[in-house]
Amino acid sequence: MTLRAKVERLTALTRRRGMLRQAFSGLDSGPGSGIHGGLRSGRGTPHADNLLLEETVRERTAALESANAKLSSSLEQLHATQAQLLFADRLIALGRIAAGVGHEINNPLAFILSNLEYIHQELQQKERLSEQDRQEILEALAETRDGAERIRLIVRDLQTLSRAEDVGSGPAELASVVRTAAKMAMHELRHRARLVVECDGVPPVQGNGSRLGQVFLNLLLNAAQSIPPGNAEGNEVRVVARPGEPGHVLVEVRDTGCGIAPEHRERIFDPFFTTKPLGVGTGLGLAVCHGIVTSLGGTLTMESAPGQGSIFRVCLPVA
Ligand SMILES: Nc1ncnc2c1ncn2[C@@H]1O[C@H](COP(=O)(O)OP(=O)(O)OP(=O)(O)O)[C@@H](O)[C@H]1O
Ligand SMILES: [Mg+2]
């Protein structure tokens, strides 16, 4: 090593020692200096530093505990608010159902009562009935019977909604279930669309045949009612069954009808949601379908393009 190199090395060493001494000086000199300076002012001895450290840790722990307690209380409040909201939501749903039941039952009930009143008066006031009186009473009785039948159907649908347990059993053959439903929907379909059914060749599914029939009848009636009458050749309702996800059969009911407005999509499965005029729709059809399908462990979904038609997909577990 040259003399010059030795001098440079010695200078560097001395400088480093000086820096180290400066750094550690806080341990035994003034406050705020040295390695504890940032943590707390040094007071001199390592013992004092330990005490300081412990105190700082205690303070920080206390601060953390208090923050934790505040968080827990906020979380509790959040849970309580969430529960209140859910309750409010259920109350709103219940309110809607009650309003729907009231509305739908009140109407036929009103004419049942007024017809009964009329028949009662006629029979009380007249000792002998003319042929015309007799006819009028018979008409009033027929209307009364129709009204009672309408109420019976609403009650039946509501019971289907609340009693999901009797949807089970099976196996059910989809092809025959769909064919039976199609026959029942034919009076609505005939003047609106061609009906195509391709349901053969799929395995039997779980579920009571008549309950499943109710599902497809409601879907077919909706499909029919989405198409105005008069152009049956230009429109189509198609029911196709094929294997779905493993262990399931997928049935699609497609129509070329009016489609479903985006703002209605969230609500179509709600009981009593309807866009149809009074006396045409009760708004229970899809709620009933949804109840039956989900209690069988299946799913019911919808895809729709306004003005172009809708597809309802029923996915059912194989028996
Ligand atoms: N295939 C479809 N095309 C267009 N809109 C549909 C279709 N299916 C259902 N909808 C819409 O969803 C609403 C709810 O249907 P849902 O079957 O529950 O009741 P509804 O048909 O109005 O009455 P109900 O079935 O009780 O006679 C309908 O009023 C209609 O607006
Ligand atoms: Mg319907």
> Taking the condition in the same structural domain as ALA193 (by TED's automatic domain parsing), out of contact with any Leu (no Cβ under 8 Å at 6 or more places or on another chain) and either open to solvent by less than 60 Å² (accessible area, probe 1.4 Å) or more than 7 Å from ligand 1 (Cβ to nearest atom) (or both), does PRO246 pass?
Replying inline: yes
> In the stretch 87-122, how many residues are at pLDDT 90 or above, open to solvent by 100 Å² or more (accessible area, probe 1.4 Å) and aliphatic (A, V, I, L, M)?
Replying inline: 1
>> Can you pull out every residue in the stretch 284-299 that is over 18 Å from ARG150 (Cα atoms) and either part of a helix (DSSP H, G or I) or within 11 Å of ligand 1 (Cβ to nearest atom) (or both)?
In response: CYS289, HIS290, GLY291, ILE292, VAL293, THR294, SER295
>> Can you go through LEU217, LEU174 and tell me which one is assigned by TED's automatic domain parsing to the domain that holds LEU300, surrounded by 15 or more Cβ atoms within 10 Å (Cβ to Cβ) and in contact (Cβ under 8 Å) with a residue 40 or more places away in the chain?
In response: LEU174
>> Looking only at residues that are of a type in the set (D, E, K, R) and surrounded by 14 or more Cβ atoms within 10 Å (Cβ to Cβ) in the stretch 186-203, which one is nearest to GLU236 (Cα to Cα)?
In response: ARG194
> In the stretch 284-315, what residues are in contact with a Ser or Thr (Cβ under 8 Å, 6 or more places away or on another chain) and within 15 Å of ligand 2 (Cβ to nearest atom)?
Replying inline: VAL288, GLY291, ILE292, VAL293, LEU300, MET302, SER304, SER310, PHE312, VAL314
>> So the check is Cβ under 6 Å with 6+ separation or different chains; which pairs have a first residue in the stretch 263-283 that's outside the structural domain of ASP157 (by TED's automatic domain parsing) and within 20 Å of ALA224 (Cβ to Cβ) and a second one that's open to solvent by 80 Å² or more (accessible area, probe 1.4 Å) and more than 13 Å from ligand 2 (Cβ to nearest atom)?
In response: PHE273/ARG267
>> With the structure loaded, tell me whether HIS187 is away from ligand 1 (no atom under 16 Å from the Cβ) and within 24 Å of VAL280 (Cβ to Cβ) or whether it fails that test.
In response: no
> Does ASP157 satisfy the criteria of being open to solvent by 80 Å² or more (accessible area, probe 1.4 Å), part of a helix (DSSP H, G or I) and not assigned by TED's automatic domain parsing to the domain that holds GLY257?
Replying inline: no
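The values are calculated or read from the model by the stated rules, or taken from the named source; none is laboratory data. No experiment lies behind these values; they were computed from the predicted model shown. We place every Cβ from the backbone using ideal geometry, glycine too, and count neighbours over all the protein chains shown. For the accessible areas, the whole protein counts, side chains as well, though only heavy atoms, and no ligand, DNA or RNA atoms are used. Shrake-Rupley method; radii C 1.70, N 1.55, O 1.52, S 1.80 Å.
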